[in-house]
Amino acid sequence: MDYYKVVCVCCRSSFTVTPGTMNYKQFKNNRKGKFICEDCQENIRMEAIKNLFG
């Protein structure tokens with residue numbers, strides 16, 4: 001199974017990108033792109049929801 005190690009732009013930790021995920025598809029199209037781990041992505045999503053309703 002193919003997987004890649006990518007560095008998160010927000011928290012600077014490395015995470016693996018596995019086949020079938022959106023990050024994997026984005027990585028295959030643009031290997032020099034900026035990627036966000038699932039934890040940071042969820043935090044950003046929750047902050048956006050808070051700002052929308054708050």
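The values are calculated or read from the model by the stated rules, or taken from the named source; none is laboratory data. The model shown is predicted, which means the values in this text are computed figures rather than measured ones. With ideal geometry, Cβ positions are generated from the backbone for all residues, glycine too; neighbour counts draw on all protein chains shown. Heads up: the accessible areas ignore ligands, DNA and RNA and are worked out on the full protein's heavy atoms, side chains in. Shrake-Rupley method; radii C 1.70, N 1.55, O 1.52, S 1.80 Å.
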Subject >> So residue 43, is it polar (S, T, N, Q) and open to solvent by 60 Å² or more (accessible area, probe 1.4 Å) >> reply: yes
Original post:
Among (1) of a type in the set (S, T, N, Q); (2) more than 10 Å from the chain's Cα centre (by Cα); (3) open to solvent by 80 Å² or more (accessible area, probe 1.4 Å), where does residue 14 come up short?
Top reply: (3)
Subject >> Number of positions in the stretch 36-54 that are within 23 Å of residue 4 (Cβ to Cβ) and part of a loop (DSSP other than H, G, I, E, B) >> reply: 2
Original post:
Which residue pairs have Cβ atoms closer than 6 Å, lie 6 or more positions apart in sequence or on different chains, and pair a first residue in the stretch 30-54 that is touching a residue at least 24 places away in the same chain (Cβ under 8 Å) with a second residue that is open to solvent by 80 Å² or more (accessible area, probe 1.4 Å) and outside any loop (DSSP other than H, G, I, E, B)?
Top reply: none
